[in-house]
1. Might you check whether a residue that is touching a His at 6+ places or on another chain (Cβ under 8 Å), in contact (Cβ under 8 Å) with a residue 60 or more places away in the chain and under 18 Å from Leu159 (Cβ atoms) occurs anywhere in the stretch 87-103?
2. Yes or no: Gly132 over 19 Å from the mean Cα position of the chain (by Cα), of a type in the set (Gly, Ala, Ser) and in a loop (DSSP other than H, G, I, E, B)?
3. Residue pairs, Cβ under 8 Å, 6 or more apart or interchain, first in the stretch 115-129 and touching a residue at least 60 places away in the same chain (Cβ under 8 Å) and closer than 11 Å to Gly79 by Cβ, second small (Gly, Ala, Ser) and surrounded by 16 or more Cβ atoms within 10 Å (Cβ to Cβ). List them.
4. Given the structure, is Gly107 of a type outside the set (Ser, Thr, Tyr) and farther than 18 Å from Tyr45 by Cα?
5. Just one of the numbered conditions (1) under 21 Å from Glu148 (Cβ atoms); (2) without any contact (Cβ under 8 Å) to a residue 60 or more places away in the chain; (3) not hydroxyl-bearing (Ser, Thr, Tyr) is not true of Gly107; which one?
6. Quick check on my filter: what residues within the stretch 78-94 are within 15 Å of Ala115 (Cα to Cα) and not aliphatic (A, V, I, L, M)?
7. Looking at Leu134, Leu130, Leu159, which is the one that is over 15 Å from Gly84 (Cβ atoms) and crowded, with 22+ Cβ neighbours inside 10 Å?
8. Answer yes or no: is there a residue in the stretch 35-45 that is farther than 19 Å from Ser161 by Cα, aliphatic (A, V, I, L, M) and at pLDDT below 95.
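The values are calculated or read from the model by the stated rules, or taken from the named source; none is laboratory data. This is a predicted model, so every value here is computed, not measured. Cβ placement follows ideal geometry from the backbone for every residue including glycine, while neighbour counts extend to all protein chains displayed.
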Amino acid sequence: MAELMGMHLTSRLRSLVLLCCAIGSVLAAAATVAATPARANASVYPDVTNYQSVSSREIYRVVDRYGLWFTSPIGIPCGIHDDGSYGCAGNLPGVDGGENEVAWFVGDPFPRLYATSQPQFDSGAGQTILTGLLFIEYRGSRCSVSRESSVYCIHGDDLNSQLLVTSSNVYRGAEALPAS
């Protein structure tokens, strides 16, 4: 009888050990998932291969300012400086930290999102609206406006320089990291 009881106890002990291992595995997997940062989705960037170039860059110039200047159909002022740097300024959608400008500067590895009292990408003058499915190319940089009125800019083929201002958020870099 003692032998039978020992086998029963051993069987229960084995079951308990297996159950503990299973629970431990589930908890470890859950901890790994929780510790992994959310990956951004680079597919938010528009496919601009069929967009058309503006017929003239001259209408995007502003008196006494260098570079090209435009406003998106949703009212976001943007520009491309003479050195190829670009950005957008103002009340940026989805930004909740007080930042009012997103820009990529030549030499930067990644677009910046920052607060400033002197925006560099709002000319302060009337800027021509860049309509959907058009792009402006200047000094190695290209900015375009999508059908949804989002502004998308990239310098050459540098995926890390990408930025996108939509009606709901700002995305930056190759990984399309959202502002919020």
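1. No - not one qualifying residue is present in the stretch 87-103.
2. Criteria met by Gly132.
3. The qualifying pairs are Ser123/Gly79; Gln127/Gly79.
4. When the stated conditions are applied, Gly107 passes them.
5. Single failed check for Gly107: (1).
6. Matches in the stretch 78-94: Gly87, Cys88, Gly90, Asn91, Pro93, Gly94.
7. Just a single option satisfies the conditions, and that option is Leu130.
8. yes
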